[in-house]
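Reviewing the structure listed below.
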Amino acid sequence: MSFMKLTASALAVAAVSAAGAAAQSRDTVQVAGSSTVLPYASIVAELFGENTDFPTPVVESGGSSTGLARFCEGVGEGTIDVANASRAIRDSEIETCAANGVDEIMQVRIGYDGIVFASQIDGPEFTAFEPADWFKAIAAQVVVDGEVVDNPYTTWNEVNPDLPEAEILTFIPGTRHGTREVFEENVLAAGCEATGAMEAFVEHGMSEDDAEDACMAVRTDGVSVDIDGDYTETLARISSNPNGVGVFGLAFYENNTDTLKVATMGGVAPSTETIASGEYPVSRPLYFYVKKAHIGVIPGVKEYAQFFMADEIAGPGGPLANYGLVPDPELAGTQSMIENEETM
């Protein structure tokens, strides 16, 4: 099926009239946010521009937190229309939005992605990890012989004798990335619990809140490096560091299998099948957020959201699934939500 045919029939996207476009000071949808969602949004934007009478949307990266901060700056042509995010919007961000007049937000779940742990294809045999391995490798403090100490480990086999005798060098998403939050909760916090460190932190006088923070605090001695850019920066770091292990989205890894190998986590290999089934332990939903106040004001905002979530785009066998997105089984409900402009 051609996208031209798809657009005219299944998507039924309306064209902007010349008179309507002329009345607008901005006629291009503007999108910013998650580097994980970026490739999906870029695919959709290109197809949207090619197959409708709307201009191709402008899609920028910058991370989930940055995108949502821009989204919440206010309403009007000088603010973005859509924010991409690899995590759900936080209550504090909703409050900031509301304080700035962005009080009607549409949350669109586009599907699911997994966080994978990849390294040089010809590098050390980093092929099987547990959350406990990563906690012990990069946590700021760990428990050794019953005592809470600054992390002393320098090689992976000190963390787990089944891992290679290679220096610990990790490249993880920076704090502005939604991927970081999922990594902290599903890997570091899980590893902290599994090693007994959480209990030890409390026994050594920390409150439960402080212990949770300690579980997710990362060492700052150069062993773990925050990557504030997108995954291409992580890939570049690994390319120049044979012992480096990076944290990526599944789709990015699947598009770089010629240079990277991926590890199992908890004994499960990451794939669209294991993510869809919930078997793979480090997966998350992906979102974009639409500013309802811009629908009918900035041409193409609603139509872009409808196009993005059409069966032929976000469903099984579509271009997003082919790139690595795990389609949302509740896609029909999302389509209805967009059609009815339902807000959070």
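The values are calculated or read from the model by the stated rules, or taken from the named source; none is laboratory data. All values derive from a computational prediction rather than experimental measurement. Reconstructed Cβ throughout: ideal geometry from the backbone, glycine too, with neighbour counts over all protein chains shown. The accessibility values were calculated without ligands, DNA or RNA, using every heavy atom of the protein model including side chains. Shrake-Rupley method; radii C 1.70, N 1.55, O 1.52, S 1.80 Å.
Please list, by residue number, every one of the trypsin sites (Lys or Arg not before Pro) in region 80-109 that is coil in DSSP and has at most 14 other beta-carbon atoms within 10 Å. Intermediate results must be reported in sequence, preceding the final value.
On the way: sites: 87, 90, 109; in loops: 87, 90.
Within region 80-109, the qualifying trypsin sites (Lys or Arg not before Pro) (loop, at most 14 other Cβ atoms within 10 Å) are 90.
Please list 3J(HN,Hα) in residue order for region 246-258, calculated via the Karplus relation 6.51 cos²θ - 1.76 cosθ + 1.60 where θ = phi - 60°; whole Hz, with x for glycine and proline.
Result, ordered by residue: x, 10, 10, x, 3, 4, 5, 4, 5, 9, 9, 5, 6 Hz.
Which one of 314, 200, 118 has the biggest mean-square fluctuation once the chain is modelled by GNM with Cα springs under 10 Å?
Comparing 314, 200, 118 in the GNM, the peak value goes to 200.
Measure off, as a whole percent, the carbon and sulfur share of the 1.4 Å-probe accessible area of region 187-344, all protein chains present. Numbers along the way, then the final one.
On the way: 3060 of 6480 Å².
Roughly 47 percent of what the probe reaches on region 187-344 is carbon or sulfur.
What would the Debye formula give as log10 I(q)/I(0) at q = 0.22 Å⁻¹ for the alpha-carbon point model of region 241-317, no solvent?
After summing over all Cα pairs, the log10 values are -1.07.
Give, as a single signed number, the net charge of other residues whose beta carbon lies under 12 Å from the beta carbon of residue 111, with Lys and Arg counted +1 and Asp and Glu -1.
Value of the local net charge: -1.
Label residue 330 and residue 226 with points 7 Å out from Cα along Cα→Cβ: what is the distance between them in nm?
It is 3.2 nm.
Take every Cα-Cα distance within region 280-344, group them into 10 Å bins from 0 onward, and report for each bin the whole-number percent of pairs it holds.
For region 280-344, the binned pair fractions read 19, 49, 27, 4, 0 percent.
In region 249-308, with Lys and Arg counted as +1 and Asp and Glu as -1 at Cβ, which of these residues, 288, 278, 255, has the Cα nearest the positive end of the dipole, that is, farthest along it?
Positive-end residue among those listed: 288.
Would you work out which of 298, 231, 268 lies farthest towards the positive end of the dipole of the chain? Charges go on Cβ: Lys and Arg +1, Asp and Glu -1.
Sorting the options by dipole projection puts first 298.
Taking springs between alpha-carbon atoms closer than 10 angstrom, which of 177, 294, 204 fluctuates most in the Gaussian network model of the chain?
It is 204.
Using only C-alpha atoms and all pairs of different ones, pull out the Kirkwood radius for region 93-242 in Å with one decimal.
17.1
Apply the Kirkwood formula to the chain: the hydrodynamic radius equals the inverse of the mean of 1/r over all pairs of different alpha-carbon atoms; give it in Å with one decimal.
Every distinct Cα pair counted, the radius reaches 21.3 Å.
For region 185-317, take every pair of Cα atoms, bin their distances at 10 Å starting from 0, and report each bin as a whole percent.
9, 25, 30, 23, 11, 2
Running a GNM on the chain with Cα contacts under 10 Å, which residue among 146, 324, 249 ends up with the highest mean-square fluctuation?
Ranking 146, 324, 249 by mean-square fluctuation puts 146 first.
Let me have the relative contact order for the chain, percent, based on Cα pairs under 8 Å that are six or more residues apart.
Here the relative contact order equals 27 percent.
Hey, got the dipole for the chain? About the Cα centre, +1 on K and R Cβ, -1 on D and E Cβ, debye to the nearest 20? Could you put the intermediate results ahead of the total?
Working: 16 positive and 53 negative charges, 261 e Å.
I would put it at about 1260 debye.
Taking a probe of 1.4 Å, how large is the accessible area per residue of the chain, in Å²?
So the chain comes to 41 Å² accessible per residue, rounded to a whole number.
Taking only C-alpha pairs under 8 Å that are 6+ residues apart, what is the relative contact order of region 261-344 in percent?
Contact order relative to length: 22 percent.
Rounded to the nearest 20 debye, what is the charge dipole size of region 119-246 about its Cα centre when +1 sits on each Lys and Arg Cβ and -1 on each Asp and Glu Cβ?
Computed charge dipole of region 119-246: roughly 480 debye.
Of 191, 47, 173, which is farthest along the charge dipole of the chain in the positive direction, counting Lys and Arg as +1 and Asp and Glu as -1 at C-beta?
47
Let me know the volume per residue of the alpha-carbon convex hull for region 189-249, in Å³.
It comes to 118 Å³ per residue, whole-number rounded.
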